[in-house]
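**Q** Quick one: the structure is below, and I'll ask about it shortly.
The values are calculated or read from the model by the stated rules, or taken from the named source; none is laboratory data. Small disclaimer: the values here were computed from a predicted structure and weren't measured. Heads up, the Cβs are rebuilt from the backbone with ideal geometry, glycines too, and the neighbour counts pull from every protein chain shown.
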Amino acid sequence: MDASVTAEIAACAARLVVEEGLDYAQARRKAARALGVPGGRGVAMPSNEAIEDEVRTHIQIFCADEQAQDLQVMRTLALQWMERLADFRPHLAGAAWRGTANRLCALHIDLYCDDPKSAEIALINLGVDYDAGALPDGHGGEFPVLRLASRVSQWREPVTVLLFVHDHDALRGALKPDGRGQAWRGDTDAVIRSMAAAGHAAEQP
C-alpha cells in the first residue's frame, strides 16, 4: 500500500511541476496534502529522481514538442547569464539542466565566489535589478540567493532567474553525480553539448 501511495504522490507531484512550475519539494508537499497524507505520515516520500521520472513521462505524453521548444529558450537564456557572470564559475542546475524545464520554471544557476558579495556587485555594475535572500544550506547555515527577472522575445512573461551563491571551494562537492551517475549541474560547455545533443536527437526521423 505504501509503495502505491508513494507512486501516486510522485505522479501528482510531477503534474504540479509541469503545469504549475513548482519545484520538487513544493510539489511533493502539495501532492501529499492532496492525497490526504500531509507531511508524508506513514508513507515514504518519493525521491527527486522518482519525481523526475514521472515528470519526463508526463512531458512525453502531454507536451513533448512544446516543452522541447521551451527548454531551448530556457537554456539559451541560461547561457546568456552564464556568459555575463563567467567570473563566478557558473553552473546551470535544476530543470533547465536536467532537461525537464518549461516556461513556468525558474532558471537555477549556481555561482562559486571567493566573496559572496562579488556577485551582487557584478549585477549592480551590469545595471540589473535583483532581490537578495537566503536559503538553508542543509548544514545549519544559509547561502545567498539573488533573484531577478529576465525577458525573452518569445514570451510575454519574464523568466525568473535564481542565482545561488556558493563558496568558491564548494564546486568540487557540487559536481558529484546522482545515484544514477547523472550530473546535477553543468558548466557552459556542458550546457552547449546538451543543447547540441537535443538538437541532433530532434532531427532524427
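**Q** Answer with yes or no whether residue 152 is aliphatic (A, V, I, L, M), without any contact (Cβ under 8 Å) to a residue 24 or more places away in the chain and surrounded by 11 or more Cβ atoms within 10 Å (Cβ to Cβ). Full working, then the answer.
**A** Working: aliphatic (A, V, I, L, M): yes; without any contact (Cβ under 8 Å) to a residue 24 or more places away in the chain: no; surrounded by 11 or more Cβ atoms within 10 Å (Cβ to Cβ): yes.
Considered against the rule, which asks whether it is aliphatic (A, V, I, L, M), without any contact (Cβ under 8 Å) to a residue 24 or more places away in the chain and surrounded by 11 or more Cβ atoms within 10 Å (Cβ to Cβ), residue 152 comes out as no.
**Q** Name, by its number, the condition in (1) surrounded by 14 or more Cβ atoms within 10 Å (Cβ to Cβ); (2) outside the structural domain of residue 179 (by TED's automatic domain parsing); (3) of a type in the set (A, V, I, L, M, F, W, C); (4) more than 26 Å from residue 175 (Cβ to Cβ) that does not hold for residue 44.
**A** Looking at each condition in turn, residue 44 falls short on (1).
**Q** Next question. Give the residue, chosen from 75, 84, 89, that is in the same structural domain as residue 199 (by TED's automatic domain parsing), touching a Leu at 6+ places or on another chain (Cβ under 9 Å) and surrounded by fewer than 15 Cβ atoms within 10 Å (Cβ to Cβ). Don't jump to the end; show me each part of the working.
**A** Numbers: 75 fails: surrounded by fewer than 15 Cβ atoms within 10 Å (Cβ to Cβ); 89 fails: surrounded by fewer than 15 Cβ atoms within 10 Å (Cβ to Cβ).
From the options 75, 84, 89, the qualifying one is 84.
**Q** Every residue in the stretch 6-41 that is among the small types (Gly, Ala, Ser) and either at pLDDT 95 or above or crowded, with 21+ Cβ neighbours inside 10 Å (or both), please. Before the answer, list the steps.
**A** Here is the first cut: in the stretch 6-41, the ones among the small types (Gly, Ala, Ser) are 7, 10-11, 13-14, 21, 25, 27, 31-32, 34, 36, 39-40.
Selection gives 10, 11, 13, 14, 27, 31, 32.
**Q** Please determine whether any residue of the stretch 159-167 is touching a residue at least 24 places away in the same chain (Cβ under 8 Å), among the hydroxyl-bearing types (Ser, Thr, Tyr), closer than 22 Å to residue 21 by Cα and in the same structural domain as residue 121 (by TED's automatic domain parsing).
**A** Yes, the conditions are met somewhere in the stretch 159-167.
**Q** What residue, among those in the stretch 94-121 that are farther than 20 Å from residue 20 by Cβ and among the aliphatic types (A, V, I, L, M), is nearest to the chain's Cα centre (by Cα)?
**A** Taking the candidates together, the pick is 109.
**Q** If a residue counts only when it is more than 20 Å from residue 145 (Cβ to Cβ), which helices (runs of 4 or more DSSP H) contained entirely in the stretch 1-98 have at least 1 such residues?
**A** Numbers: elements: 2-20, 24-34, 48-62, 64-84, 94-98.
Because the criterion is at least 1 residues that are more than 20 Å from residue 145 (Cβ to Cβ), the helices (runs of 4 or more DSSP H) in the stretch 1-98 that meet it are 2-20, 24-34, 48-62, 64-84.
**Q** In the stretch 135-167, what count of residues is obtained for those that are among the basic types (Lys, Arg) and part of a strand (DSSP E or B)? Give the steps one after another, and end with the answer.
**A** Applying the first criterion (among the basic types (Lys, Arg)) to the stretch 135-167 yields 147, 151, 156.
Retained after the next criterion (residues that are part of a strand (DSSP E or B)): 147.
Result for the stretch 135-167: 1.
**Q** Residues being within 18 Å of the chain's Cα centre (by Cα) and not hydrophobic (A, V, I, L, M, F, W, C): count how many of those fall in the stretch 122-156.
**A** 8
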